[in-house]
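All of the numbers you see were taken from the coordinates with simple rules; none came from a lab. All values reported here derive from a predicted model rather than from experimental measurement. Heads up, the Cβs are rebuilt from the backbone with ideal geometry, glycines too, and the neighbour counts pull from every protein chain shown.
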Amino acid sequence: MSEEVTERIAAVWRIEGASVVATLTRVTGDVALAEDLASAAVLAALEQWPGEGVPRNPGAWLTAVAKRRAIDTWRREDRRRERYAQLAAVLPAETEPDWEPIPDDVLRLVFIACHPVLSRPAQVALTLRVVGGLGTTEIARMLLTSVPTVQARITRAKRT
């Protein structure tokens, strides 16, 4: 890339950048989106201007490219919303959710059983015991350890 073109783009951005972003903000209603679009337009300039030359009105060129990208973004969003609506129309409507929220007390119990002061094996064993309601034999079988080991972990965890 020509250093002269890079310097021209930098100069154009210093002079026209605020105007480009301001115009895009008015059009899009979103400052962050406007800045992203302006940056994309500058990248397009870095790609095109070295081969095609700097346009007669570079600020207007940046604004036009950014506006086209905004329109493309809006069209993509519209198509995505349409596809979601089509999927929602095909999916069966559920009248009742197949889950129930966890009561706050149970959630507190999960946090207590998984307290960082406990070792990871003790956290797992205690959580399975007090939250999951599993017996020590079942826990030992799942963890591939002996029943006395699981009992000791749970006892130490409760004491801690």
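Let me know the charge dipole size of the chain about its Cα centre in debye, to the nearest 20, where only the beta-carbon of Lys, Arg (+1) and Asp, Glu (-1) is charged.
Dipole about the Cα centre, nearest 20: 720 debye.
Suppose only helical runs count, i.e. DSSP H with n ≥ 4. What mean residue ellipticity at 222 nm does that imply for the chain under -39500 (n - 2.57) per run, divided by all residues and rounded to the nearest 500 deg cm²/dmol?
My calculation for the chain gives -25000 deg cm²/dmol from helical runs alone.
Go through (i) 14.6; (ii) 18.9; (iii) 11.5 and flag the label whose value is the computed mean projected area of the Cα convex hull in nm² for this structure.
This structure yields the entry labelled (ii).
In whole angstrom, note down how far apart the Cα centers of region 90-160 and region 1-58 are.
Region 90-160 and region 1-58 have Cα centres spaced 56 Å from each other.
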